[in-house]
Amino acid sequence: MMALGSGIYIAHTVAFRSELRPMAPDHIGSSTSSRQRDLVFIVNPLGANGRTGKEWRKLVPYLRSRLGKDCNICESITSGPCHAIDITREAIREGADAVIAVGGDGTLHEVVNGFFWAGKPVVSQVKESTRSTALGLIPLGTGSDFARTFGWKNDPHEAIERVARGLRSSIDVGVITGDDCDHHYFINVADIHLSAKAGFYASRYKRFGNLCYIIGALQAFIGHQNQDLRIRFNDGPWETCPEVTALCIGNAKYFGGGMKITPNADPFSRNLEVVILQNFKWYDFVLKLHRLYSGTHLSVKNVSDRSVLSIEVEDISGKGGIYIQSDGEHLGFLPKKISVLPAAIEMIL
């Protein structure tokens, strides 16, 4: 199990077991005061084509000097996909004060999913814990779209100041369920059809930075066809939504490297914003791309939006193959139900 003690620890964790070893003694803080906060920093060293790992190494000395006197710091380096989920669950069970994702939206997405297990929140197994584990973020990834909703820059020093202040607020989380009964969580934006397919392809071109989103969109347009979908809002009656190009469900505002796709979304609202693009052609995206990025597209023809507690989406054709993703992570295909979990996580703001 993860032993959160004094000073800084490095964890190269495998599955649910952490192998922690203390850093050199002159690396800050040996105080074991009960008032100290246990902070777990989960770092994806391969994020942003390796830039995250390099920037993190440069940041560690400042982290030590700023937080070392008041916090017990555990640094955990991920070794592959879904590793951050396991680390997060273990940290919460061990009573960590906060788990801080260091990287982009993909790392944050995994950490958020680590706050849950089998459809329920993970809870501390430490009797002395007086409050729940908070979520933190040091944005160092390719897109860092979630951070844009709060106006946060990719400035790790500003992020560390937020962690140092430790101010918390409860934020909403989205949950996606399907025929397999699995629960998948997202904190930013889930999307269906063309945009999800574009995200699937974009993941192959992360080495090109934000350009990967443009490349992914161009590739997704090849052979793309708008589809009629069956939709049900808030467990109400089913309705047919014809010629859907993309359907986006926002807990926050941005995706795709800065596109303000769900401009009215608010992670404190206890609702999700649904934006539907219908009967779009490739040239519509070329002509209206600037409006999608600026968030002024809701008044465009064939664009609609509404606030919901839940939405269910099915493929009428029955052929399958309608992509869905959340926070840029491919989740398979329809049918799916997306719901809001109000005030599900406390976040350091």
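Values as computed for the structure displayed
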{"quantity": "Local electrostatic count, Pro263, Cβ distance below 12 Å [Lys/Arg +1, Asp/Glu -1]", "calculated": "+1"}
{"quantity": "Qualifying trypsin sites (Lys or Arg not before Pro) for the stretch 75-178 [loop in DSSP, other Cβ within 10 Å: at most 16]", "calculated": "Lys127, Arg131, Lys153"}
{"quantity": "For the stretch 186-341, average projected area of the Cα convex hull in nm²", "calculated": "8.4 nm²"}
{"quantity": "Ordering of 136-147, 290-301, 274-285, 178-189 by packing [mean C-beta count within 10 Å, highest first]", "calculated": "136-147, 178-189, 274-285, 290-301"}
{"quantity": "Accessible-area ranking of Asp235, Asp305, Asp315, largest first, probe 1.4 Å", "calculated": "Asp235, Asp305, Asp315"}
{"quantity": "DSSP beta bridge pairing in the stretch 37-166, given as percent antiparallel to the nearest 5", "calculated": "10 percent"}
{"quantity": "Cα long-axis angle, helix 83-93 against the chain (0 to 90 degrees, to the nearest 10)", "calculated": "60 degrees"}
{"quantity": "Length added when fully stretched, Ser294-Lys69, from 0.36 nm per residue minus Cα-Cα", "calculated": "76.8 nm"}
{"quantity": "Heavy-atom SASA rank of Met259, Met347 (probe 1.4 Å, accessible area, largest first)", "calculated": "Met259, Met347"}
{"quantity": "Computed log₁₀ I(q)/I(0) - Debye formula, equal Cα scatterers, no solvent, the chain, q 0.07, 0.11 Å⁻¹", "calculated": "-0.30, -0.71"}
{"quantity": "Degrees, to the nearest 10: 51-67 long Cα axis against longest axis of the chain", "calculated": "40 degrees"}
{"quantity": "Carbon + sulfur, % of accessible area of the stretch 187-322 - ligands and nucleic acids excluded, 1.4 Å", "calculated": "54 percent"}
{"quantity": "Mean separation of Cα contacts under 8 Å, 6 or more apart, over the residue count of the chain: relative contact order %", "calculated": "17 percent"}
{"quantity": "Beta bridges by DSSP in the chain, antiparallel share as percent, to the nearest 5", "calculated": "70 percent"}
{"quantity": "FRET E, pair Glu128, His330, Förster distance 30 Å, beta-carbon r, rounded to 0.05", "calculated": "0.15"}
{"quantity": "Most fluctuating residue given options Ile87, Ile100, Ile215, as computed from a GNM of the chain linking Cα atoms under 10 Å", "calculated": "Ile215"}
{"quantity": "Residues Tyr283 and Ser169, FRET efficiency given R0 of 56 Å [Cβ-Cβ distance, rounded to 0.05]", "calculated": "0.85"}
{"quantity": "Ellipticity estimate at 222 nm from DSSP helix runs (n ≥ 4, -39,500 (n - 2.57)) divided over the chain, nearest 500", "calculated": "-7500 deg cm²/dmol"}
{"quantity": "For the stretch 158-232, radius of gyration divided by Kirkwood radius, i.e. Rg to Rh on alpha-carbons", "calculated": "1.11"}
{"quantity": "Accessible surface of the stretch 25-162 [probe 1.4 Å, protein heavy atoms]: carbon and sulfur percent", "calculated": "51 percent"}
{"quantity": "Coil-residue GluC sites (Glu not before Pro) of the stretch 118-208, DSSP, other Cβ within 10 Å capped at 13", "calculated": "Glu128"}
{"quantity": "Across Lys127/Lys153; Lys206/Lys336; Lys120/Lys301; Lys54/Lys336; Lys69/Lys260; Lys301/Lys337, pairs whose alpha-carbon gap is larger than 32 Å", "calculated": "Lys127/Lys153; Lys120/Lys301; Lys54/Lys336; Lys69/Lys260"}
{"quantity": "Principal axes of the stretch 256-328: Cα extent on each, largest first, Å", "calculated": "35, 34, 23"}
{"quantity": "Stokes-Einstein diffusion coefficient of the stretch 37-166, Kirkwood radius over Cα pairs, 10 °C, 1.306 mPa s, in µm²/s", "calculated": "109 µm²/s"}
{"quantity": "Relative contact order of the stretch 37-166, pairs being alpha-carbon contacts under 8 Å that are 6 or more residues apart, as %", "calculated": "29 percent"}
{"quantity": "Residues of the chain: accessible area per residue with a 1.4 Å probe, Å²", "calculated": "44 Å²"}
{"quantity": "Calculated FRET efficiency for the pair Ser79/Arg306, C-beta based, R₀ 51 Å, to 0.05", "calculated": "0.75"}
{"quantity": "Between helix 105-114 and the chain: long-axis angle, C-alpha atoms, 0 to 90°, nearest 10", "calculated": "70 degrees"}
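The values are calculated or read from the model by the stated rules, or taken from the named source; none is laboratory data. Just so it is clear, the model here is predicted, and its values are computed rather than measured. Glycine also receives a Cβ, built like all others from the backbone with ideal geometry; neighbour counts cover every protein chain displayed. Just so you know, the surface numbers come from the protein's heavy atoms only, side chains and all, with ligands and any DNA or RNA stripped out. Shrake-Rupley method; radii C 1.70, N 1.55, O 1.52, S 1.80 Å.
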